[in-house]
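Working notes, structure below.
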Amino acid sequence: RAKSAGSGLYARYDPQMHSGLVEKLQLAADLRRALDNGDELQLHYQPTVELRTGDIVGFEALVRWRHPVRGMIPPADFIGLAESTGLIRPLGQWVLAEACRRAVEWGGDKPLTMAVNVSGRQFDQPDLPQVVASVLAETGLPADRLCLEMTESVLMTDTEENLAVLLSLKEIGVRLAIDDFGTGYSSLAYLRRFPVDTLKIDRSFVERLGGTTPDAALARTIVQLGQSLGMATVAEGIEQYAQFLALRRMGCDLGQGYYFARPLPAEEAVALLRDPAAVAA
Ligand code: C2E
Ligand code: MG
Ligand code: MG
Ligand code: MG
């Protein structure tokens, strides 16, 4: 939108704004091309570790974009663009299919869970359950080995429509997790209504478990909330031994974070799976 000048009679040309828009359009065109052909898009996989045993029980798929000119673009810099241009639909389908293929390839008789992030915009598509069901059928991944991660906003906006979609997904048998839990505004009443299996404790609460003035109250409250609602708890962003220990003592079930492993390219993730001694816990 052009900024209007003092009098309000004419709009002033703003080269900064113009280049921002052109850049966005260019990036959207690049993303469309990346989705159509080539291997610019990749998934990295971060292990999920059972805190009690140190076992890898699954992975979270995290998308990466190796742009031929700009280099590595983190998801924070293009998921929003994908959402506003409608490209989130093909992107989301590609991520889902690729992650499910890997889960089948790596699982063997180990019941590995593959977690996939699903944007709020993808819930606007009433056919999301059909898309998920057909990816499961094509890849042969058992439904209960797929976990879809969504943020609290999915529960709080378009509530009735999204509830229907989530119930259909539960009928298919996939697991559902709330990502970054504790940062949004979902009420306890809402949480009860939705068929959620797992709470992922946001990194900001895990951060407070380390440092010189640790504060465990919030992380403990979320673990207890999960326990009393019959949901599993996963702590995000564990970077230190002290955080790992504190969460394990609280009874938090699972964890992820640089302390165990960073998100890894597929070949490195499977190597870690074959040599679990490489995991810090
Ligand atoms: P998220 O789902 O909460 O993923 C966790 C983020 O924290 C990832 O960033 C991961 O690399 C980072 N992380 C993991 N362990 C640690 C740690 O110990 N310390 C710190 N400081 N960070 C850690 P990433 O990969 O940049 O992804 C950012 C966000 O982008 C994700 O947050 C998710 O919301 C979104 N995203 C990623 N992949 C996808 C995708 O395929 N589809 C959609 N819709 N969103 C995605
Ligand atoms: Mg996530
Ligand atoms: Mg998260
Ligand atoms: Mg997060």
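Only the coordinates and a few stated rules stand behind these numbers; no lab work does. As the structure is a computational prediction, the values presented were derived from the model and not from experiment. Positions of Cβ are generated from backbone atoms using ideal geometry, with glycine treated the same way; all protein chains shown enter the neighbour counts.
Details
- Difference of contour (0.36 nm per residue) and Cα-Cα distance, L163 to D144: 4.9 nm
- DSSP beta bridge pairing in the chain, given as percent antiparallel to the nearest 5: 45 percent
- Annotation: for a label point projected 7 angstrom from Cα along Cα→Cβ of S19, residues of the range 57-100 with backbone N closer than 17 Å are 70.
- Paramagnetic label reach from R33 (point 7 Å along Cα→Cβ; backbone nitrogen cut-off under 12 Å): within the range 63-93, residues 67-70.
- Globularity index of the chain, i.e. its alpha-carbon radius of gyration over 2.2 N^0.38 Å: 1.09
- Nearest 10 degrees, 0 to 90: helix 15-36 Cα axis against the chain principal axis: 50 degrees
- Solution diffusion estimate, µm²/s, Stokes-Einstein, the range 136-190, Kirkwood Rh from C-alpha pairs, 4 °C, viscosity 1.567 mPa s: 106 µm²/s
- The slack between R262 and Q42, meaning 0.36 nm per residue of separation minus the straight C-alpha distance, is 77.7 nm.
- Summing +1 for each Lys or Arg and -1 for each Asp or Glu among the other residues whose beta-carbon sits under 10 angstrom from that of D30 gives +2.
- Dimensions (Å) - the range 126-273, Cα atoms, principal axes, largest first: 49, 42, 22
- Q26 paired with M156, simple spin-label distance in nm, labels 7 Å along Cα-to-beta-carbon: 3.6 nm
- T221 sits among other residues whose Cβ lies under 14 Å from its own Cβ, and their net charge, with Lys and Arg +1 and Asp and Glu -1, is 0.
- Relative to the longest principal axis of the Cα atoms of the chain, the long axis of helix 159-172 lies at roughly 50 degrees.
- With the simple model of a label 7 Å out from the Cα in the direction of the Cβ, K110 to D215 spans 3.8 nm.
- Evaluated with a Cβ-only charge set (Lys, Arg +1; Asp, Glu -1), the range 41-200 carries a dipole of roughly 320 debye about its Cα centre, given to the nearest 20.
- Viscosity 1.002 mPa s, 20 °C: Kirkwood-radius Stokes-Einstein D of the range 164-244 over Cα pairs, µm²/s: 159 µm²/s
- Legend: P(r) of the range 24-163 from all alpha carbon pair distances, 10 Å bins from 0, whole percents, reading 11, 38, 35, 15, 1.
- Principal-axis tilt of helix 88-107 within the chain, Cα atoms, nearest 10 degrees: 30 degrees
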